[in-house]
Each structure stands twice: as C-alpha cells, then as structure tokens.
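Derivation of every value follows stated rules applied to the coordinates shown; laboratory data play no part. Model, not experiment: these values are computed from the prediction. When we count neighbours, we look across all protein chains shown, and the Cβ atoms used for this are built from the backbone with ideal geometry, even at glycine.
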Amino acid sequence: MRTLLLLVGLLIPAVLPAATGEVRVQEGDLLFVTAGSTGLSGAIDDATGRDDATRFDHVALVADGTVLHADEQGSREQALSDFLASARDRQRQVVVYRLVPSRQAAIPDAIAKARTLLGKPYNATYVQSEDSYYCSDFIERAFRAHHVFALQPMNFRNRQTGRISPYWTEFYRSRGMEVPQDAPGTNPSDMSASPALRRVGPLS
C-alpha cells in the first residue's frame with residue numbers, strides 16, 4: 001500500500017494552498033506580479049505594458065512549495081507566503097499562469113535548471129549576461145532547453161509617443177550606457193501572453 005501511495009504521489013502534480021478564493025498553485029506554475037504606476041515599475045509598464053491585458057513587472061516559478069525568481073536581492077528561492085506578502089505590502093496582485101498541457105513535460109527540467117541559476121546577482125541593466133539575471137530572463141533561461149519562451153527585441157520606447165522616455169535615458173546614462181533598444185531580451189507582460197501559458201487567476 002505504501003508503494004502504491006508513493007506512485008500516486010509521483011503521478012499527481014503537487015497542489016499547494018493558495019492565498020484566496022479557489023485558485024490553487026501547482027508545481028511549475030508561473031506567478032506574475034502586476035506593475036506599479038511610478039518609478040522603475042512604471043517605466044517598465046510604460047514601455048512593455050499591453051493595452052489589451054493585465055500588465056506585469058515581475059515573474060517567478062513555483063517549485064517544491066517555494067518560488068524561484070530573480071529580484072533586486074539576486075536569483076533566489078523564497079517562501080511562497082513571503083512572496084505573496086511582499087506583493088500585498090506593495091498593493092500588487094499576483095496572478096497564476098500555467099503551462100498548457102503540451103508544454104508541461106518541460107517543468108522538471110526547468111526547475112532543475114532554475115536551481116543552478118540561484119545565487120547570481122540581479123541584472124539591473126537588462127542586457128543579457130551569463131553572470132546576472134533579471135526576472136523574466138531567469139524564467140526564460142530555466143525553460144530554454146525546451147524552447148518554451150523566445151527572446152525578442154527589447155523596447156524602451158513609450159507606446160504612445162514612440163520615443164524613449166527620459167526615465168530610461170537617464171537610467172542608462174547613469175550606468176555609462178546607451179539605451180539597449182532592440183537588444184534581445186524578455187519582459188513579464190509579453191511572457192504572460194505566450195501561447196505556452198494559460199491564465200489560471202489571481203492569488204492576492
């Protein structure tokens with residue numbers, strides 16, 4: 001009987017308690033955090049937000065009851081409850097997205113790969129690097145071997161004016177860099193629109 005129970009446990013995806021409502025998170029889910037309207041978050045939304053969808057500025061991967069992600073503290077593992085509490089403290093919503101069935105076989109390898117990326121510093125320039133990562137970059141790399149998400153030209157132009165905003169001009173000037181317009185990269189809003197994902201619903 002014990003052997004049977006162990007086999008059943010391996011065949012059924014782990015289901016973790018959610019913060020609210022009927023939404024439950026499971027192994028390999030992606031947690032997207034809604035964007036703010038000011039500062040860095042507002043600048044990201046200004047350039048990458050989609051008018052026809054919820055706008056996000058962060059994403060994390062659910063693994064073994066925790067989340068794996070890259071934020072200002074670096075690439076790290078964090079308790080799910082702490083991740084959700086941080087979002088609530090900033091008055092942000094966390095929305096669960098799940099890989100479509102045809103892509104779910106990638107999850108074990110993606111989690112294993114993500115764990116090899118932990119401990120690296122945060123990439124505050126968003127230019128691809130092998131030594132530091134930002135949030136959607138971390139997730140894309142985790143799933144890269146299975147070609148789940150694609151790199152695309154980064155955009156720093158205001159969606160209405162088509163001009164690079166003064167925020168980004170100063171942001172990169174202070175780092176001694178030109179704005180890396182059209183360099184390969186990722187962002188959470190575009191990632192959430194991937195055909196590899198389906199929206200499950202909000203957690204907080």
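Here are the numbers for the structure shown:
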quantity	calculated
Residues ARG98, ARG90 arranged by fewest to most Cβ contacts within 10 Å	ARG90, ARG98
Cα gyration tensor shape for segment 14-202, rounded if a/c is under 1.5, else prolate or oblate	prolate
Length released on extending from HIS147 to ARG175, taking residue separation times 0.36 nm less the Cα-Cα span	6.9 nm
Positive-pole candidate from LEU99, CYS135, SER81, dipole of segment 70-156, charges at beta carbon	LEU99
Ranked list, fewest to most other Cβ atoms within 10 Å of each Cβ, for SER174, SER165, SER129	SER174, SER129, SER165
Fewest-first ranking of GLU77, GLU170, using other Cβ atoms within 10 Å as the exposure measure	GLU170, GLU77
Cα gyration tensor, segment 48-126 - rounded (a/c under 1.5), prolate or oblate	rounded
Distance-filtered residues of segment 154-192 - backbone nitrogen under 17 Å, label point 7 angstrom along THR116 Cα→Cβ	none
